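The values are calculated or read from the model by the stated rules, or taken from the named source; none is laboratory data. Everything numeric here is computed off the predicted structure, so don't read it as measured data. Methodologically, a virtual Cβ is constructed for each residue, glycine included, from the backbone with ideal geometry; neighbour enumeration extends over all protein chains shown.
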Amino acid sequence: MTVLTAELTSAEVSQTALAAFDQVVSGTPGFRARPGQRDMALRIATHLHGVTLGEHDAPLSAVAVIQAGTGVGKSAAYLSTMVAMALERKTRVVVSTATVALQEQLMTKDLPALAAVLDTPFVFALAKGRGRYVCKLKLERLAGSDGEPLDMFEGDDAPEPTAPAKPVPPVKGVTWIDPMERRMQLYDTLASGLAAGRWDGDRDSLAEQPEASDWATVAAERHTCTARHCPRFGSCSYYQARMQLAQAQVIVANHDLVLASLGMKALPDLDNCLLVFDEGHHLPAVALDQFSSAMDLSGLRWLDKLPKILLDVADKMGVQLTQDVATLAQQLKTALLQASSLAMDFLRGVASSYDVVHRFKEGVVPEAMLEPFRLIHGHAQALSDALEALGKELKLRTKEDPSQATQSAVQYARLGQIAPKLNAVVATSAMWLASPEPPLAKWLKSDTSSGLVQLSAHACPIVPGDLLRQHVWRQVRGAVVTSASLTTCGNFDYFLAEAGLAGLPQVSTLAVDSPFDYRQQGELIVTDTRADARDVAAYTAEVVTALVADLHTVPHGALVLFTSRAQMQSAVQALDAVLQERVLVQGQMARGKLLGIHQARVEAGDASVIFGLQSFGEGLDLPGALCETVFITKLPFSPPSDPVEEARAEWLKRSGRDPFTELVVPATGIKLLQWTGRAIRSETDQARVICYDKRLLNMAYGRRMLQGLPPYAVSRRPSS
């Protein structure tokens, strides 16, 4: 238990944290203090100084929710104060982000700069998921195997072809390599590099990234890992990285990893460390993704392997299975085929296309379809119990007799090969059979992108705040949640509700304004289009015409943000020869290459325009001439087809609430804040935002969104 002693008062911890921030400001060359940045540091120092860490009958907790506008320098504010508090309290800090770019900034710039200034030394490390590291045991068995089939390393099921495969014609100038030969060459190269110390087993440190399917075969995965019982545990790349984490006072992770690691000891316990969720506006979406589930109803060949693997592992162990796994696997496959048949018949009755997503209203699945799901769950759970029992026995035997470690690890990996698919069936069928309140979103998806019809069943909770409150905030003692976009329509209400923080007494909110003078540095121009935005064809045609005319006036760099790929394609098709030479389109090439070409063009004095979708509306940093104009073709409302959002809107309506006002408008307001945030990135930038959607000024909900945007000088432009 970590508590504040008489010698270490809350006030002293607060003073130490704030002094660390002041030391960073005064001790870093070229660092210029900003009033908002110190306000942020002061709030962290005074709100989190007295939290109780570790086991305690009545723990004190605190969460500071801070919106820091662009240019505030939030990472310096939270790192200096949180690290100083952690060092004073002899605990650790976990900084969780949503993007690789911010992780890289923290690891290569912000944390080294802080370490150079603080008097007390500290160690920092980057946490990655297990799958980013190679499994040495798998690699050793594959390298030099001369292509010998090893069932423990077989990849996921591929769709069975309905017609003989046609030979692939040779490409002129390209030497064809057999896929298996290419794969074995890769494994031999990786194994030799690992053995010679030229490679540390981290996928991200490879000069050339392997194909995803090739890497998946040798990746370290929880289900195939016996951990300390593995004969290669002492030299395991993943566990060596874990040891570095154990020695670090500051750990940089990501939201997915933090939520996926709950209760698994891969990261510090939430009640015994300090946390920072940067880019915190992503937390609700990550929570929904982490607690959703899906199972395949069409690719079932793994079920033919399952009993063979279980029986063979049991035979090699000399144990007798208590379940008839062969019969259970056949029964499970029969039930899945029945569910698949019923689902396809159902989909043919409600849709004319094989590419369809059908959500069940209020999460109520027809009783006829639920019957096979009851069988599915029962059979899958029994098989899962058998698999888990074998796994426990393998670990126990390895512990009792280390000489069996290698063989046990191989057999455990064979079990782990099928565990994720079986677990997905157990979890998804359980969610389909459940009837909680609020209801779960449940849907069927049929997809033909692979050339064959692939059918899957999905389920997901619909209220992210409930998940985060139950799984995160009940455990957290001290945390900062920050982002440049936590408020919408002028307040924190939407984010607090989505993140599960609304009404919690330990929560404090603060909005720190950007140091930029938006009225002097930029302007927001709203164009009055004649067409109604709801008339998609007419609106798109008018906007594209206006956009093409505006693009001819761009002197340097510009960014055009579209709400759909179809809308972006319409604009691409309308470009004349001059603009075709200036426009770079998201998806035409890798993001880094596209941005590099854009920068080179602008620096050479040429005009360059980027066409992008939602992912280019956030986290893209194009200061100065690289982006002097941001064009917003339409207010970024989410498409109404997302089954989770549909289910939630339906539930809110049933509860007498208005989903458009409560969810859609504030969610769009946050996206709009992010999109307009691409315009001004420094105190010397001069930029403008041109929005072609007149609803921003003409509709009450548009004016609500406008209240949450930076205070640009706003003007209206009549349609041409």
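Here is how the numbers come out for the structure above:
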item	result
Subset of the range 269-289 that is assigned to a loop (DSSP other than H, G, I, E, B) and either without any contact (Cβ under 8 Å) to a residue 60 or more places away in the chain or in contact with a strand residue (DSSP E or B) (Cβ under 6 Å, 6 or more places away or on another chain) (or both) - its residue that is surrounded by the most Cβ atoms within 10 Å (Cβ to Cβ)	D278
The range 631-686, subset more than 23 Å from S608 (Cβ to Cβ) and of a type in the set (V, I, T), residue surrounded by the fewest Cβ atoms within 10 Å (Cβ to Cβ)	T661
Test: residue in the range 30-47 that is at pLDDT 90 or above, under 30 Å from D493 (Cα atoms), hydrophobic (A, V, I, L, M, F, W, C) and in contact with a strand residue (DSSP E or B) (Cβ under 6 Å, 6 or more places away or on another chain)	yes
So F31, is it of a type in the set (F, W, Y) and either farther than 30 Å from L620 by Cβ or not assigned by TED's automatic domain parsing to the domain that holds Q15 (or both)	no
From G71, G131, residue being assigned to a loop (DSSP other than H, G, I, E, B) and among the small types (G, A, S)	G71
Top-ranked residue in the range 71-91 [being polar (S, T, N, Q) and surrounded by fewer than 24 Cβ atoms within 10 Å (Cβ to Cβ); ranked as nearest to H282 (Cα to Cα)]	S75
So R359, is it closer than 27 Å to A326 by Cα and of a type in the set (D, E, K, R)	no
Test: residue in the range 326-338 that is at negative phi and either assigned by TED's automatic domain parsing to the domain that holds T487 or acidic (D, E) (or both)	no
Helices (runs of 4 or more DSSP H) (entirely within the range 438-536) containing at least 2 residues that are of a type in the set (D, E, K, R) and surrounded by fewer than 20 Cβ atoms within 10 Å (Cβ to Cβ)	none
Leading residue by the ranking (modelled with the lowest pLDDT) among those in the range 220-263 that are assigned to a loop (DSSP other than H, G, I, E, B) and in contact with a Lys or Arg (Cβ under 8 Å, 6 or more places away or on another chain)	T226
Any chance K671 is under 25 Å from the mean Cα position of the chain (by Cα) and basic (K, R)	yes
Top-ranked residue of the range 273-314 - restricted to ones that are modelled with pLDDT of 95 or more and among the polar types (S, T, N, Q), ranked as nearest to Q331 (Cα to Cα)	S293
Test for D355: is it closer than 30 Å to H223 by Cβ and either surrounded by fewer than 20 Cβ atoms within 10 Å (Cβ to Cβ) or assigned by TED's automatic domain parsing to the domain that holds W651 (or both)	no
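Each row is one residue, and each column tells you yes or no for (1) out of contact with any strand residue (DSSP E or B) (no Cβ under 7 Å at 6 or more places or on another chain); (2) among the polar types (S, T, N, Q).
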position	(1), (2)
A343	no, no
R359	no, no
P366	yes, no
L383	yes, no
E400	yes, no
Y412	yes, no
A419	yes, no
T428	no, yes
L433	yes, no
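Matching residues to (1) in contact with a Ser or Thr (Cβ under 9 Å, 6 or more places away or on another chain); (2) over 29 Å from A537 (Cα atoms):
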position	(1), (2)
E618	yes, no
L626	yes, yes
F631	no, no
D642	no, no
A649	no, no
R657	no, yes
V664	yes, no
G677	yes, no
